[in-house]
Protein chains: 2
Amino acid sequence: MSSTVSNSAREGILRRYRDRLPITDATPMLCLGEGETPLVLSRRLGERVGCRRLYFKLEMCNPTGSFKDRGMVVAVAKAMEEGARAVLCASTGNTSASAAAYAAHCGLEAFVLVPRDNIARGKLAQAVAHGARVLALQGNFDTALEIAREISRRHPVAIVNSVNPNRIQGQKTAAFEIVDALADAPDILFIPVGNAGNITAYWLGFVEYYQAELAARKPRIMGWQAAGAAPIVRGEPVEQPETVASAIRIGNPASWKGALAARDESGGAIEAVTDEEIMDAYRLLAQEEGIFAEPASAACVAGLLKHALSAKQSKGTPELDIADKTVVCIITGHGLKDPETALAIEAEMTDVPAELAAVERAMALT
Amino acid sequence: MSSTVSNSAREGILRRYRDRLPITDATPMLCLGEGETPLVLSRRLGERVGCRRLYFKLEMCNPTGSFKDRGMVVAVAKAMEEGARAVLCASTGNTSASAAAYAAHCGLEAFVLVPRDNIARGKLAQAVAHGARVLALQGNFDTALEIAREISRRHPVAIVNSVNPNRIQGQKTAAFEIVDALADAPDILFIPVGNAGNITAYWLGFVEYYQAELAARKPRIMGWQAAGAAPIVRGEPVEQPETVASAIRIGNPASWKGALAARDESGGAIEAVTDEEIMDAYRLLAQEEGIFAEPASAACVAGLLKHALSAKQSKGTPELDIADKTVVCIITGHGLKDPETALAIEAEMTDVPAELAAVERAMALT
């Protein structure tokens with residue numbers, strides 16, 4: 001019988017991975033449907049790049065549309081446990097959306113501190129919909145973050161930026177799920193790198209499972225930055241990071257050291273892809289695989305395509321042969337997060353009279 | 001140990017419910033991560049309406065952001081089995097997004113036939129991103145649907161509108177999942193009603209599980225139409241349906257009879273809520289529960305709130321007492337699907353100087 005009672009399905013990461021998270025008996029077991037996201041086997045891109053076991057981990061299927069929900073549920077649960085009355089973050093994007101959603105779920109106030117010159121109303125739409133209060137700061141992002149930290153030290157207000165260690169604890173559960181689904185770690189992980197908290201969290205999760213003998217191996221970690229926002233690749237902070245992939249438009253990553261550790265301990269690499277390569281991958285992922293991701297997610301697919309191409313041209317490192325390897329790409333956020341970029345895709349639109357024969361001709365059926 | 005190997009998780013509805021779907025050995029086992037969506041226990045709205053076991057089924061967590069993916073994976077798999085080279089639908093919204101995604105996943109062409117005067121580029125953004133070709137018809141929706149049906153009769157092109165019976169077969173799996181998660185059917189289901197395929201599918205699923213003795217009861221089905229697009233409530237088609245909830249803006253539902261059967265056989269009702277009630281529920285759901293749904297989804301929550309309110313005023317039917325009942329609301333689509341409506345929410349924004357004391361004042365911490 002294919003249908004069995006599965007009360008355990010989608011119970012949320014706090015319950016599912018309770019033993020591996022900083023949970024106490026006093027932690028509220030929040031769940032807004034985060035985690036247990038699909039791991040989808042490629043039907044077409046795998047063939048294109050010459051990889052038989054290419055998977056996409058669809059973190060875009062989290063309730064607010066990005067991987068941030070995994071870390072946020074832990075951060076907000078711990079905030080409640082510690083008696084916080086509000087949560088606060090300096091963010092214009094996915095972090096603020098997730099923080100506002102979990103705060104709303106729990107009846108906490110949410111504050112989003114944003115440099116006034118960086119406010120794009122579209123990016124804040126989710127946080128606003130969830131009732132967050134936006135503080136438009138007459139200063140830059142670093143100042144916003146510093147003030148946010150100071151406020152969390154002085155008041156019962158939890159800062160839920162990635163400086164909050166509970167965020168990375170929650171995010172590591174995605175690595176657990178991949179191992180649980182594949183019955184071992186993959187050979188290679190392709191992941192976008194912006195603030196570098198997520199690459200740090202995945203590596204933490206894979207190492208933890210390996211040490212607990214729940215995985216027989218650890219993956220090689222291939223991190224991808226946008227060329228215009230590639231401080232780790234360049235080895236120094238970028239003053240004015242620029243890229244179409246706004247979710248990884250970061251000049252000075254908070255988890256820089258974690259990213260280097262993931263790279264070096266796994267025998268991996270952190271490399272850069274251009275905006276053009278990102279947009280090519282963005283379209284390919286949507287049009288050849290059926291996955292509509294935000295541009296930042298496409299960065300790691302761009303990296304995979306780049307490696308496959310240079311392998312064909314015999315320029316690739318032979319040890320990154322992917323043909324018989326299990327490869328996972330992390331799709332961090334939904335394409336619906338970034339409607340402007342989607343609308344920039346030119347529509348193939350044909351005007352047709354309301355007649356069968358005309359539609360047949362337009363569809364090349366005659 | 002909380003972490004066990006779970007290869008069965010998120011395997012897609014074709015594999016999970018194979019025995020209960022029109023699947024043969026020749027059907028390709030497609031999976032784009034559809035199904036196994038979260039069933040979230042309310043933390044705050046349940047208290048507001050006086051219901052201890054209020055759940056939300058987050059169909060918005062499907063890969064294209066709506067419940068349509070469940071039916072589409074079956075429809076596209078059957079289309080491939082039958083040798084179709086393309087899929088075709090008359091749709092401007094969630095159906096076209098889902099059809100285009102699954103077609104892209106499989107390498108089929110996707111065509112979207114849209115009345116030229118109804119084209120809203122924003123609503124088509126997903127289908128366009130997935131590479132669908134848009135045919136702008138010089139005619140109305142009924143003509144578009146009739147031409148689409150005729151083309152599917154004459155050519156190896158599958159029509160994937162809800163006239164395709166595989167759509168409803170796939171959608172019934174959401175009812176299975178609810179029973180699987182709760183270990184029985186809920187007492188009452190609140191669900192939005194537009195074209196009425198989904199209410200039909202849920203009832204089909206609940207009845208099927210009941211007859212197979214996988215559930216001890218069947219739920220009462222409470223369907224909700226928008227007041228400006230309420231043909232079933234009024235008992236006659238609506239010429240010019242109007243509502244903010246575009247996904248249920250339907251004047252002449254394709255599955256009208258199925259909706260009446262669900263209502264009458266379950267001892268339920270189909271009622272209407274105004275756009276104002278829908279928007280109130282939309283905000284409440286986002287701001288008190290942390291769930292950002294498209295307006296159509298909020299229609300069923302509006303219905304729940306309306307019933308709770310009239311119960312308090314002793315106007316409600318006493319037999320719809322929800323206090324000790326298990327109640328499930330179906331959240332059909334993601335709020336990110338409809339950025340215009342989200343952006344119409346007024347942002348609570350405060351300008352603050354870049355000083356700690358100023359931010360403290362703005363947060364009422366001093």
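Remarks
- Matching residues in region B:335-345 - criterion: being open to solvent by 10 Å² or more (accessible area, probe 1.4 Å), in contact (Cβ under 8 Å) with a residue 12 or more places away in the chain and either of a type outside the set (Asp, Glu) or closer than 16 Å to B:Leu54 by Cα (or both): B:Leu336, B:Lys337, B:Pro339, B:Thr341, B:Ile345
- B:Lys172 being open to solvent by less than 10 Å² (accessible area, probe 1.4 Å) and in contact with a Phe, Trp or Tyr (Cβ under 8 Å, 6 or more places away or on another chain): yes
- In the set B:Glu150, B:Glu82, only one residue is more than 10 Å from every other protein chain (Cβ to nearest Cβ) and more than 28 Å from B:Ala245 (Cβ to Cβ); that residue is B:Glu82.
- Condition check for B:Asn195: touching a helix residue (DSSP H, G or I) at 6+ places or on another chain (Cβ under 7 Å) and either open to solvent by 10 Å² or more (accessible area, probe 1.4 Å) or among the aromatic types (Phe, Trp, Tyr) (or both): no
- Residue within region A:356-364 that is under 25 Å from the mean Cα position of the chain (by Cα) and among the basic types (Lys, Arg) present: no
For (1) of a type in the set (D, E, K, R); (2) under 16 Å from B:Leu113 (Cβ atoms), each residue gets a yes or a no:
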site	(1), (2)
B:Ala129	no, no
B:Leu137	no, yes
B:Thr143	no, yes
B:Ala175	no, no
B:Asp187	yes, no
B:Tyr202	no, no
B:Glu213	yes, no
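- Hits in region A:222-247 (condition: at pLDDT 95 or above, open to solvent by less than 50 Å² (accessible area, probe 1.4 Å) and part of a helix (DSSP H, G or I)): A:Pro231, A:Ile232
- Test: A:Arg121 is open to solvent by 20 Å² or more (accessible area, probe 1.4 Å), at negative phi and in contact with a Phe, Trp or Tyr (Cβ under 7 Å, 6 or more places away or on another chain): no
- Residues that are closer than 30 Å to B:Lys57 by Cβ and of a type in the set (Ser, Thr, Tyr), drawn from region B:331-366: B:Thr332, B:Thr341
- The lone exception for A:Gly139 - which of (1) open to solvent by less than 20 Å² (accessible area, probe 1.4 Å); (2) touching a residue at least 24 places away in the same chain (Cβ under 8 Å) it fails: (1)
- Pair list, Cβ under 8 Å, 6 or more apart: region A:302-329 residue surrounded by 20 or more Cβ atoms within 10 Å (Cβ to Cβ), other residue at pLDDT below 80 and not in a loop (DSSP other than H, G, I, E, B): A:His307/A:Leu320; A:Ile322/A:Ala311
- For region B:276-290, the set of residues classified as surrounded by 24 or more Cβ atoms within 10 Å (Cβ to Cβ) and either more than 12 Å from every other protein chain (Cβ to nearest Cβ) or not in a helix (DSSP H, G or I) (or both) consists of B:Ile278, B:Ala281, B:Gly290, listed by residue number.
- Taken together, B:Thr24, B:Thr64 contain a single residue that is of a type in the set (S, T, N, Q), facing chain A (nearest Cβ under 8 Å) and touching a residue at least 40 places away in the same chain (Cβ under 8 Å), which is B:Thr64.
- Top-ranked residue in region B:113-136 [being within 20 Å of B:Pro241 (Cα to Cα) and more than 24 Å from the chain's Cα centre (by Cα); ranked as modelled with the highest pLDDT]: B:Arg116
- All of A:Ala77, A:Ala86, A:Ala90 fail the test of being of a type in the set (A, V, I, L, M), modelled with pLDDT of 95 or more and touching a Phe, Trp or Tyr at 6+ places or on another chain (Cβ under 8 Å), apart from A:Ala86.
- Within region B:120-147, being more than 30 Å from A:Ala281 (Cα to Cα) and at the interface with chain A (Cβ under 7 Å from one of its Cβ atoms) holds for B:Leu137, B:Gln138, B:Gly139, B:Thr143, B:Ile147.
- Taken over region B:96-112, the criterion of being within 23 Å of the chain's Cα centre (by Cα) and either more than 7 Å from chain A (Cβ to nearest Cβ) or without any contact (Cβ under 8 Å) to a residue 12 or more places away in the chain (or both) is satisfied by B:Ser96, B:Ala97, B:Ser98, B:Ala99, B:Ala100, B:Ala103, B:Ala110, B:Val112.
- All positions within region A:249-274 that are in contact with a Pro (Cβ under 8 Å, 6 or more places away or on another chain) and open to solvent by 30 Å² or more (accessible area, probe 1.4 Å): A:Arg249, A:Ile250, A:Asn252, A:Trp256
- Summed over region B:206-221, the residues that are out of contact with any Ser or Thr (no Cβ under 9 Å at 6 or more places or on another chain) and crowded, with 24+ Cβ neighbours inside 10 Å give a count of 1.
- Helices (runs of 4 or more DSSP H) lying entirely in region B:293-366 (those with 3 or more residues that are of a type in the set (A, V, I, L, M, F, W, C), under 17 Å from B:Arg44 (Cα atoms) and more than 10 Å from every other protein chain (Cβ to nearest Cβ)): B:295-312
The values are calculated or read from the model by the stated rules, or taken from the named source; none is laboratory data. Just so we're clear, the structure is a prediction, and the values are computed from it rather than from any experiment. Because the Cβ atoms are built from the backbone with ideal geometry, glycine has one as well, and the counts that use them run over all protein chains shown. Areas reflect the complete protein model, heavy atoms only, side chains present, ligands, DNA and RNA absent. Shrake-Rupley method; radii C 1.70, N 1.55, O 1.52, S 1.80 Å.
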